[in-house]
Amino acid sequence: MGNSYSYEVVIIGAGPAGMCAALYAGRSMLKAIVLERGFPGGELLNTELVEDYPGFDRVLGHELAEKFYSHAQKFGAEFRNGVHVSAVRRREDGAFDIETMDGDIYRAQAVIITAGGTPVKLGIPGETEYAGKGVSYCAICDGAFFKNQVIAVVGGGDAATEEADFLTRYADKVYLIHRRETLRASKILQQRLFENPKIEVIWNTVVDRVDGDDQGLVKTLKLRNLQTCEERDPEATGLFIFVGFRPNTGIIADHVKHDDMGYLLTDPNMETSIPGLFAAGDLRSQLTRQVTTAVGDATTAAIAVEKYLKRIGDGNGEIIGTGGYSA
Ligand SMILES: Cc1cc2nc3c(=O)[nH]c(=O)nc-3n(C[C@H](O)[C@H](O)[C@H](O)COP(=O)(O)OP(=O)(O)OC[C@H]3O[C@@H](n4cnc5c(N)ncnc54)[C@H](O)[C@@H]3O)c2cc1C
C-alpha cells in the first residue's frame, strides 16, 4: 500500500509548461506539487541552443531549464522528481486521484497536465535492436559519441533540420534523409542546413532497415528512393530519428476530448472537457509547440485553476470555461 497526499493542485510534468504553472501556483500561494518522472527541464534538456525565447539572444536549453526550475522554487513550488504518474481518475466528489507507479496517491481539487510528448518511432527492423547502439532520438545526449564519423538524420521538420546542423559539430558527414522533396522546417533553419558543407540531403527517400556490425553497433542503413525504388546501403554509424512527437496523454486520454492525433482539446482557459482538469504545453492541440507557447498556456492554466478553486470553494459551480474546445 502506497502513501496518500493531499494538494489543491497537482501539476504533472516539469517541462517549461509544468515549471511555469508551478511558478504561478506558488505565487498564488496554492498548495501545489509538480510530479516529474525524470528531472525538471522536459524537452529543454534535449535542446542545445534556444535563440527564440524573449530576453535571451542565445541560451543553452539546460541553462534555461535550470532558470525555470530555480525561479519556480523561489516562489515556493514543491517538486517531486522521479515520480511517474500512471493514471488520473476523477472521483464522484469532483476531486482527482493521481496515481503513481510507486503506488502512491495524490488527491487534488484540480490538475494541470503538462506531460509533453514522446518521439515517434519509424517502426523499421533494427530500430529497437540498435536503440542506444547508434539509433538515437536525442542529438544533444548522444551527438558527442559520433566524433569524426558518418551519421544520418531522418525527418524534414524543425527538429531534424536543427539537429542535423548541430550534429556536424561532431560528425564528419551527416546525411539528412527525407521522404519528400521539400523540407517542412522554418526557412532560417533550412538556410543553415543548405549552407552547411558537411550535410548531404537525400530526398524522396526512406530508411527501410538498420543493420549492425558483429559488435552489435549500427553499421549501414538500407535506403529506398520512393520515386525510383532504387536502393542503396550507405555506411553510417548513427541514425538520429526526428519524425515527430506523440502527446503523452495515455494517463487520461480515454476520458478527455482530444483531436485526431491525440492532442488534448481545451477551452481558452486551458480547461479540458473534464472540469478541474487543465492542460498546457506540447500535449495541447494547437498550431505551434514552442517554449513560449508552453509557458503562455501554463500561465493561463495556473490562473484559471486559482479561479476554479475559489469557485468550487464558494460553492458557485465548477465550470469556469466557455465550454468551447479549440484546436
Ligand atoms: C530538438 C528540439 C529542439 C527544440 N528547440 C526549441 C527552441 O529552440 N525554441 C523553442 O521555443 N522550443 C524548442 N523546442 C520545443 C520545446 O522544447 C517544447 O515546445 C517545450 O519543451 C514543451 O514544453 P512542455 O512542458 O509542454 O513539455 P516537455 O518539455 O515535453 O515536458 C514534459 C515533461 O513531462 C514529464 N512527464 C511526461 N509524462 C509523465 C508522467 N506520466 N509522469 C510524470 N512526468 C511526466 C516529462 O518527463 C517531461 O519532463 C525544441 C524541441 C526539440 C525536441
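The values are calculated or read from the model by the stated rules, or taken from the named source; none is laboratory data. It should be emphasised that the depicted structure is a prediction, and the values quoted were computed from it without experimental measurement. Heads up, the Cβs are rebuilt from the backbone with ideal geometry, glycines too, and the neighbour counts pull from every protein chain shown. Calculation scope for accessible area: heavy atoms of the full protein, side chains included, ligands and nucleic acids excluded. Shrake-Rupley method; radii C 1.70, N 1.55, O 1.52, S 1.80 Å.
Observations on the model:
- Each Cα pair under 8 Å and six or more residues apart adds its separation to the average, and for the range 42-134 the resulting relative contact order is 14 percent.
- Solvent-accessible heavy-atom area per residue, rounded to whole Å², over the chain at 1.4 Å: 48 Å²
- Value of Rg/Rh across the range 113-223 [Cα atoms, Kirkwood radius]: 0.96
- Between the range 47-118 and the range 234-264, the alpha-carbon centres lie 18 Å apart.
- Across the range 180-235, the relative contact order, built from alpha-carbon pairs under 8 Å that are at least six residues apart, equals 24 percent.
- For the residues Ile151, Ile112, Ile252, a GNM of the chain with alpha-carbon springs under 10 Å puts the largest fluctuation on Ile252.
- Relative contact order (%) - the chain, alpha-carbon pairs under 8 angstrom, separation at least six: 18 percent
- Carbon and sulfur %, accessible surface of the range 110-244 computed with the full protein complex present, 1.4 Å: 48 percent
- With helices as the sole contributors, the chain gives -7000 deg cm²/dmol at 222 nm; each DSSP H run of n ≥ 4 counts as -39500 (n - 2.57), and the sum is divided by every residue.
- At the residue level, Cys138 shows approximately 20 square angstrom of accessible surface with a 1.4 angstrom probe and all protein chains present.
- Ignoring lysines fewer than eight residues from Lys74 along the same chain, the ones with Cα atoms less than 27 angstrom from its Cα are Lys31, Lys307, Lys310.
- Sites listed here are GluC sites (Glu not before Pro) in the range 33-81 whose DSSP assignment is loop and whose Cβ has at most 13 other Cβ atoms within 10 Å: Glu51.
- Placing a label point 7 Å from the Cα of Glu51 along the Cα-to-Cβ direction, the residues of the range 152-192 whose backbone N falls under 13 Å of that point are 162-163, 165-166, 186-192.
- Cα-based reach from Lys121 at 29 Å (exclusive), listing lysines while leaving out same-chain residues under 8 positions away: Lys133, Lys147, Lys173, Lys187, Lys198, Lys219, Lys222, Lys257
- Note that the range 174-327 shows a convex hull volume over its alpha carbon atoms of 167 Å³ per residue.
- Rounded percent of accessible protein surface that carbon and sulfur make up, the range 8-49, 1.4 Å probe: 55 percent
- Where labels lie 7 Å past Cα in the beta-carbon direction, separation of Ala87 and Glu195 in nm: 5.4 nm
- Ordering Ala95, Thr288, Leu226 by the projection of their Cα atoms onto the charge dipole of the chain, which places +1 on the Cβ of Lys and Arg and -1 on the Cβ of Asp and Glu, puts Ala95 at the extreme positive end.
- Exposure rank, largest accessible area first [Lys74, Lys147; 1.4 Å]: Lys74, Lys147
- Given charges at Cβ of Lys, Arg, Asp, Glu: the chain dipole, positive-most of Phe68, Gln215, Pro40: Phe68
- Hull shadow area, averaged, the range 1-144 [alpha-carbon convex hull, nm²]: 11.2 nm²
- In a simple Cβ point-charge model (Lys, Arg +1; Asp, Glu -1; nothing else charged), the range 36-136 has a dipole of about 180 debye relative to its Cα centre.
- The range 168-222: Rg to Rh, with Rh as the Kirkwood radius over Cα pairs: 1.04
- Tilt relative to the chain, helix 158-167 - C-alpha long axis, 0 to 90 degrees, to 10: 60 degrees
- Extension gain (nm, one decimal) between Glu129 and Lys257, 0.36 nm per residue minus Cα-Cα: 42.6 nm
- Where the Cα pairs of the chain fall when distances are cut into 10 Å bins, in %: 6, 25, 29, 22, 14, 5, 1
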